[in-house]
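The values are calculated or read from the model by the stated rules, or taken from the named source; none is laboratory data. Treat the numbers as computed from the prediction; the structure is a model and nothing was measured. Neighbour counts are summed over all protein chains in view; Cβ atoms, including those assigned to glycine, are modelled from backbone coordinates with ideal geometry. The protein model used for the area step is the full one, side chains on, heavy atoms only, and it has no ligands, DNA or RNA in it. Shrake-Rupley method; radii C 1.70, N 1.55, O 1.52, S 1.80 Å.
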Amino acid sequence: MSMAAGAGKGLRRVILGTTTLWLMAFTLLPVLIVVAVSLSEPRLGQPPFTPLFTQGEGLWPTFNGSIASYLTVVSDSLYIAAFVSSLRIAAGSAFITLLIAYPMAYAIARASDRARLGLLMLVILPFWTSFLIRTYAWTGLLNTNGLINNTLIKLGVISEPLTLLHTEFAVHLGIVYSYLPFMVLPIYAVLERMDWSLIEAAQDLGARPLKTFFRVTLPLSLPGVFAGWLLVFIPALGEFIIPDLLGGPDTLMLGRVLWTEFFNNRDWPVASALAVLLLLIVLLSALLLVKALRRREVAS
Amino acid sequence: MTGRRSIALLSALAFGYAFLYLPIVILIIYSFNDSRLVTVWSHASLRWYAALLENTQMLEAAWLSLRIAAVSATLSAALGTAAAFALQRLKPFFAQRGYEALALMPLIVPEVLIGLSMLLLFVVLGDTIGWPERGATTITLAHASFGMAYATVVIRARLTQLDPALDEAAAILGATPWRTFRRVTLPLLAPAIAAGWLLSFTLSLDDVVVASFVTGPGATTLPIVVFSSVRLGVSPQINALATAIVVLVSILIVTATLMTRAGRRA
């Protein structure tokens, strides 16, 4: 018995050791390096940033860090505009997603037990099919001579094609489309577990359906709404593919600015500083999400 | 009243599903369009699929993507299984929370951040220990790393549902922990591990952002090729390729879902 326990301990150590080492090397260390590079300075050469520590004459290496990149980011109106429009686009898209997702989640929650699983699966399936291709699919639809414009002209609704592609509207559309399942699922999860006799009680007491919805159903489903909202908002903040394929040259979003700074301007310290700031916003939002989910656990 | 409300709900559902599926359906239909113009329908043909089969650059990229996805998914599934066990057994509480935060971080961090941080890691590693060389290896490592997070979630969900009495029974009957793991726990977990593998495989097959950051000369995956040609505009050949990918991925996902459900029932 004690031998078995010993072997069990050995196995446990191997499991913990390997995965901890892996997580340290491939999750924690990269983040620390990004922070380090954000504090270094750009230079021409390989790699295109100055080392953070150099071996001087003394025993201790000299620290060469500077916050120049952060100062660049917070003083340049381009970066500030990127932050503002990322937040605006992510929040706006999350709100539109909510308007579409809520009725869907509600309808699925009220469907029969047999239909529910299938309906849910239909919501999840597109999420797992290629993200790149689903975004690409919209370029064909939104083009000046694309299907939407062609159809509208044929129907006589418009005479001149609308500019749909490469606009902020297209970016919103792309985000709503791609992240819709993220909003439907948590709202559904809350509604599905809700005590529907509360609704009946409200109606018995004479509340009209709309009033029942706004006074009973909606407040009870708020944790799901909040979770879904953040699940759309957070990834949308750093989105790259959607603004790149559907947005215009003036659509500023953090992910795209970071990409340009990194690949085109080759200013790795500024790109890293942007990354650190984006990471902070994301982690802060994620903390809120965890809190919201925990409140839901307590509530149910 | 009830009738009117259910009609409203039904139309909300119909609208939602139409929104989700119409773009993909139209893309698939137009992949069979003979015309060189993507938006004008001439007549049905398989010409773009034939062109695809002759496009060696595309085929080579697809082959590389499949190999990277297979290796990284295997790593993800193995690490995800280990991490799921670690999370279940880890004490004290704060160690578990820290481990969990680290293991699941790739789920919420935007792809550009994963790509940037991974590349910087590989650059620094390359400068200090001369490994790894940027290319297929670095893409595989990066994909394994974020795939692990998804695999962990799937496998852990199954692990927490397992009855600990089964493990105890095996131990009482004299099985060593390793034997118990191999003969009892692992078979019970198998469907979840397979599902985790398939999810990581699909994620790797679809990733363009992280791969673009960490790749080196000579290693071009399929999404990188698709992305660079899509940036130049819509092309009917890409429609055919997209259709092929959508069909392949859908099959994989439906299989993964059925596997998890079969496992849950067992």
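Overview of values
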read-out	value
Lys, Arg +1 and Asp, Glu -1 on Cβ, resulting dipole of the range B:64-233 about Cα centre, debye, nearest 20	300 debye
Average accessible area per residue (Å²) across the range A:120-273 - probe 1.4 Å, nucleic acids and ligands excluded	40 Å²
The range B:30-103 and the range B:186-263: distance between their alpha carbon centers, rounded to Å	2 Å
Span-rule helices in chain A, defined as complete DSSP H runs reaching 30 Å or more along the axis (Cα) with Kyte mean at least 1.6	A:268-299
Length-normalised contact order for the range B:114-227 - Cα pairs under 8 Å, 6+ apart - percent	45 percent
Interchain or long-range residues, amide H under 5 Å from B:N33's placed H	B:S45
Under 28 Å from the Cα of B:K91 - lysines, other chains or at least 8 residues apart	A:K9, A:K291
Contact order relative to length of the range A:76-266, as percent, for alpha carbon pairs under 8 angstrom and 6 or more apart	36 percent
Interface size B-A, as summed buried accessible area [1.4 Å probe, Å², nearest 100]	7300 Å²
222 nm mean residue ellipticity, helices alone, for chain B (DSSP H n ≥ 4; -39,500 (n - 2.57); rounded to 500)	-27000 deg cm²/dmol
Among B:L186, B:L121, B:L22: highest mean-square fluctuation, GNM of chain B, C-alpha pairs under 10 Å	B:L22
Computed helical MRE - 222 nm, chain A, DSSP H runs ≥ 4 contributing -39500 (n - 2.57), nearest 500	-23500 deg cm²/dmol
Paramagnetic label zone (point 7 Å from Cα along Cα-to-C-beta, A:T144; backbone N under 19 Å) in the range A:210-247	A:245-247
Within the accessible area of chain B (1.4 Å probe), percent carbon and sulfur	68 percent
Chain B: angle of helix B:136-161 to the longest principal axis, Cα-based, in degrees nearest 10	60 degrees
